[in-house]
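A.B. asks: Below is the structure I would like to discuss, written out as structure tokens.
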Amino acid sequence: MRIAVFLESMQSEGGGFQQALSTVESLTHSSSIKHDVVIFTPFEQTGRLLLKEGIDAIRFKSRGFSLIDRWSATVVGNAILRRLRRLGFKRLGRHLDALLDDNKIDLVVLNECTEIARRIGDHPFIVTVWDLSHRDYPDFPEAYADRNFERHDRSLRMSLTRALAVVANSPSGARRIASLYQVDPGRIVELPFVPSLAVRYHADGAGAATAEGVARKYNLPSRYVFYPAFFYPLKNHLYLLEGLVALERQHGIVLDVVLCGGGAPWQRAKVEQQVQALGLTERVHVLGWVPDEDVPALYESALAMVMPTYSGPTNLPPLEAVTLGCPVIYSDLPSFREQMGDAALYCDLTDVSSLADHLAALIKDSALRDRLQKAGRKLAAEIAKIDYGERLRPILDKYADVRRRWAWPESPDDRTC
């Protein structure tokens, strides 16, 4: 059986890309999967990065969900398109399915729930849902602006109910998917986040950058906390900034923060306005997007990785931090405690003093820091054992067996499914 795995994002898109890249790397190199795995991406830059990892990819042209795609989803429209295809317009309304046919693909694995899932009509697929923030926090602009809520929710409803399986990143995520979109829990497979390839290489001693070199490159202070995240309101940078003010006011401790990540220019500008309004200009270092190879050193040199986000149900940076021995301060939300257990401290998002107290304790109490690092190493060791191929293998093998009912025996020149 031939399986297509889609990587539909670019390196500049942050944690979503890193997780998708880890999935691609794991599936292409897993000894658990006995099927052929073929990678598809619409981006030349992503294809070049995959080649560096020894992975070949097929380029395809990405386009939005068009009027003809909507038409083909209706009974009348589909009937007309089928008749036109019999008259010779074989790719009309099914360009993506035709591409998959050209490459003799039997099953598709999607790392995101995008228009790709809606454009696939003749191939079964497994689709990934990393978060449901638009349902959890519909009051944030990421959810309601430009009718994002409606578009995202419609895409999920159209895709999840017909997917062969749905990938979630945690038990809490799986429960939300089953509850909100009426997906059979038996069709949901949990693939927890794993640290990025750059972080894993660095942890294994094969990193491309050193802490000293990165500190010089970005002119960083000797002591700081680190927050790698897009500059979205859901990421809650304001809470971290106000926490630094509270730390100085309540504990007499002056601390810097290093921020990196992407986002729209207005989103970064808003955070910079908040920095200026709080009088923190000299203590907040906004790096923007940084190369993957520099990120591990930023974790290693930090007093802590502070992530006061609302977005979940899990996140990548806390796992990367503990892999590199960096203590974690995380939002006190149930799904985050489920993800990190006792390998993090948890701050009350309604009270910035909670963050200030945790930061002061990390500075003053070496035993607390040692305890967090020990728990983090234990969690990192458990994460390192995760094999995506092994977790997906039962679904893939079951479909391969079912598929034999209509596809066996196969001719090399005749794809019948």
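The values are calculated or read from the model by the stated rules, or taken from the named source; none is laboratory data. Keep in mind it's a predicted model, so treat the numbers as computed, not measured. Every residue, glycine among them, receives a Cβ derived from its backbone with ideal geometry; neighbour counts consider all protein chains shown. We work out accessible area using only protein heavy atoms, side chains counted, and drop any ligands, DNA or RNA first. Shrake-Rupley method; radii C 1.70, N 1.55, O 1.52, S 1.80 Å.
A.B. asks: What is the residue count in segment 312-330 for residues that are buried (at least 24 other Cβ atoms within 10 Å of the Cβ) and small (Gly, Ala, Ser)?
C.D. replies: 2
A.B. asks: Looking at segment 1-58 only, could you name the residues that are part of a loop (DSSP other than H, G, I, E, B), in contact with a helix residue (DSSP H, G or I) (Cβ under 7 Å, 6 or more places away or on another chain) and of a type in the set (D, E, K, R)?
C.D. replies: The answer is Glu8, Glu53.
A.B. asks: Here's a follow-up. When only residues in segment 385-410 that are hydrophobic (A, V, I, L, M, F, W, C) and more than 17 Å from Leu27 (Cβ to Cβ) count, which is most open to solvent (accessible area, probe 1.4 Å)?
C.D. replies: Residue satisfying both the conditions and the ranking: Trp408.
A.B. asks: Then there's this: Only one of Val290, Val257, Val295 is assigned to a loop (DSSP other than H, G, I, E, B) and either polar (S, T, N, Q) or under 27 Å from Ser196 (Cβ atoms) (or both); which?
C.D. replies: Of the residues listed, the single one that is assigned to a loop (DSSP other than H, G, I, E, B) and either polar (S, T, N, Q) or under 27 Å from Ser196 (Cβ atoms) (or both) is Val290.
Conditions (1) free of Cβ contacts under 8 Å to residues at least 40 places away in the same chain; (2) open to solvent by less than 80 Å² (accessible area, probe 1.4 Å), marked per residue:
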| position | (1), (2) |
| --- | --- |
| Ala208 | no, no |
| Glu212 | yes, no |
| Phe226 | no, yes |
| Glu248 | yes, no |
| Cys260 | yes, yes |
| Gly263 | yes, yes |
| Lys270 | yes, no |
| Gly279 | yes, yes |
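A.B. asks: Separate question: Criterion first (farther than 18 Å from Gln19 by Cα, without any contact (Cβ under 8 Å) to a residue 60 or more places away in the chain, within 19 Å of the chain's Cα centre (by Cα) and not in a helix (DSSP H, G or I)) does Tyr310 satisfy it? Spell out the reasoning first.
C.D. replies: Details: farther than 18 Å from Gln19 by Cα: yes; without any contact (Cβ under 8 Å) to a residue 60 or more places away in the chain: no; within 19 Å of the chain's Cα centre (by Cα): yes; not in a helix (DSSP H, G or I): yes.
No, not satisfied.
A.B. asks: Turning to a different aspect of this structure: Being open to solvent by 30 Å² or more (accessible area, probe 1.4 Å) and either touching a residue at least 12 places away in the same chain (Cβ under 8 Å) or closer than 18 Å to Thr309 by Cβ (or both) narrows it down to one of Asp146, Asp139, Asp106, Asp153, so name that one. It would help to see each step written out before you state the result.
C.D. replies: Working: Asp146 fails: either touching a residue at least 12 places away in the same chain (Cβ under 8 Å) or closer than 18 Å to Thr309 by Cβ (or both); Asp106 fails: open to solvent by 30 Å² or more (accessible area, probe 1.4 Å); Asp153 fails: open to solvent by 30 Å² or more (accessible area, probe 1.4 Å).
Of Asp146, Asp139, Asp106, Asp153, the one residue that is open to solvent by 30 Å² or more (accessible area, probe 1.4 Å) and either touching a residue at least 12 places away in the same chain (Cβ under 8 Å) or closer than 18 Å to Thr309 by Cβ (or both) is Asp139.
A.B. asks: So which residues in segment 278-299 are farther than 13 Å from Gly14 by Cα and among the small types (Gly, Ala, Ser), if there are any at all?
C.D. replies: Gly279, Ala297 - these are the residues of segment 278-299 that are farther than 13 Å from Gly14 by Cα and among the small types (Gly, Ala, Ser).
A.B. asks: Continuing with the same structure: Examine segment 183-193 for a residue that is in contact (Cβ under 8 Å) with a residue 24 or more places away in the chain, closer than 30 Å to Leu50 by Cα, open to solvent by 10 Å² or more (accessible area, probe 1.4 Å) and in contact with a Gly (Cβ under 6 Å, 6 or more places away or on another chain), and state whether such a residue exists.
C.D. replies: No, because not a single residue in segment 183-193 is in contact (Cβ under 8 Å) with a residue 24 or more places away in the chain, closer than 30 Å to Leu50 by Cα, open to solvent by 10 Å² or more (accessible area, probe 1.4 Å) and in contact with a Gly (Cβ under 6 Å, 6 or more places away or on another chain).
A.B. asks: I've got another one for you. Within segment 161-176, does at least one residue satisfy the condition of being touching an Asp or Glu at 6+ places or on another chain (Cβ under 9 Å) and either closer than 22 Å to Ile58 by Cβ or at pLDDT below 90 (or both)?
C.D. replies: Yes - at least one qualifying residue is present in segment 161-176.
A.B. asks: Then there's this: Hey, could you check segment 281-311 for residues that are of a type in the set (S, T, N, Q) and over 23 Å from Thr128 (Cβ atoms) and say which is surrounded by the fewest Cβ atoms within 10 Å (Cβ to Cβ)? First the steps, then the outcome.
C.D. replies: Filtering segment 281-311 for residues of a type in the set (S, T, N, Q) gives 281, 301, 309, 311.
From the residues that got through so far, the ones that are over 23 Å from Thr128 (Cβ atoms) too are 281, 301.
Numbers: Thr281: 10, Ser301: 21.
Per the stated criteria, the residue is Thr281.
A.B. asks: Name the single residue that is surrounded by the fewest Cβ atoms within 10 Å (Cβ to Cβ) among those in segment 1-40 being within 30 Å of Arg404 (Cβ to Cβ) and among the hydroxyl-bearing types (Ser, Thr, Tyr).
C.D. replies: Ser31
A.B. asks: Any residue in segment 42-55 that's closer than 16 Å to Glu8 by Cα: show its pairings with residues that are exposed (fewer than 11 other Cβ atoms within 10 Å of the Cβ) at Cβ separation under 9 Å, as long as the two are six or more apart or on different chains.
C.D. replies: Pro42/Lys61; Gln45/Ser12; Gly47/Asp56; Leu50/Asp56
A.B. asks: I need the full set of residues from segment 122-136 which are more than 22 Å from Lys398 (Cβ to Cβ) and either free of Cβ contacts under 8 Å to residues at least 12 places away in the same chain or open to solvent by 20 Å² or more (accessible area, probe 1.4 Å) (or both), in order please.
C.D. replies: Correct list: Trp130, Asp131, Arg135, Asp136.
A.B. asks: Can you pull out the residues in segment 214-224 that are surrounded by fewer than 19 Cβ atoms within 10 Å (Cβ to Cβ) and either in contact with a helix residue (DSSP H, G or I) (Cβ under 9 Å, 6 or more places away or on another chain) or not in a helix (DSSP H, G or I) (or both)?
C.D. replies: Matches in segment 214-224: Ala215, Lys217, Tyr218, Asn219, Pro221, Ser222, Arg223.
A.B. asks: Residues being free of Cβ contacts under 8 Å to residues at least 60 places away in the same chain, within 21 Å of the chain's Cα centre (by Cα) and surrounded by fewer than 17 Cβ atoms within 10 Å (Cβ to Cβ): count how many of those fall in segment 333-380.
C.D. replies: Count: 2.
A.B. asks: Can you find a residue in segment 18-38 that is at pLDDT 90 or above, among the charged types (D, E, K, R) and more than 25 Å from the chain's Cα centre (by Cα)?
C.D. replies: Looking for residues that are at pLDDT 90 or above, among the charged types (D, E, K, R) and more than 25 Å from the chain's Cα centre (by Cα), one finds none in segment 18-38, hence no.
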